[in-house]
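Here's the structure, in C-alpha cells; my notes come after.
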Amino acid sequence: MSRYLKAALLTSVVIVSACMSSGPATTFYSLFASKDLAPVGVTLDAVSLGIGPIVLPEYLDNPSVVSLTSSQKVKVLGYHAWAGSLKESMVRVISDDISTGLALDAVWGFPWDTRIQPDYQVRITVTQFDGVRGGDVVLRAKWALINKAGENLVALRAVELTEASTSDSVDDYVAALNRGLNKFSILLANDIATAITHQQATTPYKF
C-alpha cells in the first residue's frame, strides 16, 4: 500500500470520527423509589403482591424522554434518554415504594420468577405520564387488583395526579415525573391495603 493511499485512508478515518463525535452527549435518566417514604400504618400479614405488568401509551414506550409542548405536541428529547426500559423502571419504583409503605417484603415486580405465585396481582394501565417542561406533569392511570387464587377482581380505580416541575430543565422535568410516580405508589399501597383488608374477593371494592 502506497504512503499516499495510507494517508488518504487515515484522513477518511479522522473525518468519519469527527462526524460521529459531533453533537451533544446523551444524558441518561432513571426513576427511583422514594427516600422519605414511611410505612402507611396498615399491615398485611402473610400476603404477597405482584406488581405489573404496566401498559404504557405507544408514544411513551420510547428510549428517549418525552414531554409535551403548551399546544399538546409530543416532543421527543433525543439527547435525553432513559437508562433502560421506562416500563421496567416504573414497575421497580412502584414495587419498592409499596414494599416500604406496607412494610411487606413479599412484593414482586413483573415479570417475577415462575416459582413465585403472588397472592394478589396489580395490573396497571398508564394513559398519561408526561407534561410540559416548566409546567405541570400528569400521571393518569387505571389499576386492577386481582386475587390470584380465583382470578377474582378485588378492586379497581382510576387515578390522576399532578406535579409541578420547578423549571423547564429536563432534570427538573424528570424529577417531577419521579415525584408523581412516588405519590401514585403510596396511594396505591393504601388502596391495596384497604381492599385486601375488606377481603371482598368476589365483589369489586368501590373507592
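The values are calculated or read from the model by the stated rules, or taken from the named source; none is laboratory data. Keep in mind the model is a prediction, meaning the values are calculated, not measured. As a convention, Cβ positions derive from the backbone with ideal geometry for all residues, glycine included, and neighbour counts pool all protein chains shown. Each accessible area value is taken on the protein alone, full model and side chains, heavy atoms only, with ligands, DNA and RNA left out. Shrake-Rupley method; radii C 1.70, N 1.55, O 1.52, S 1.80 Å.
Answer yes if at least one residue in the stretch 190-199 is open to solvent by less than 50 Å² (accessible area, probe 1.4 Å) and within 28 Å of E58 (Cα to Cα), and no otherwise.
yes
Does I98 satisfy the criteria of being under 30 Å from H198 (Cβ atoms) and under 12 Å from the mean Cα position of the chain (by Cα)?
Taking the combined requirement at face value, the residue does not satisfy it.
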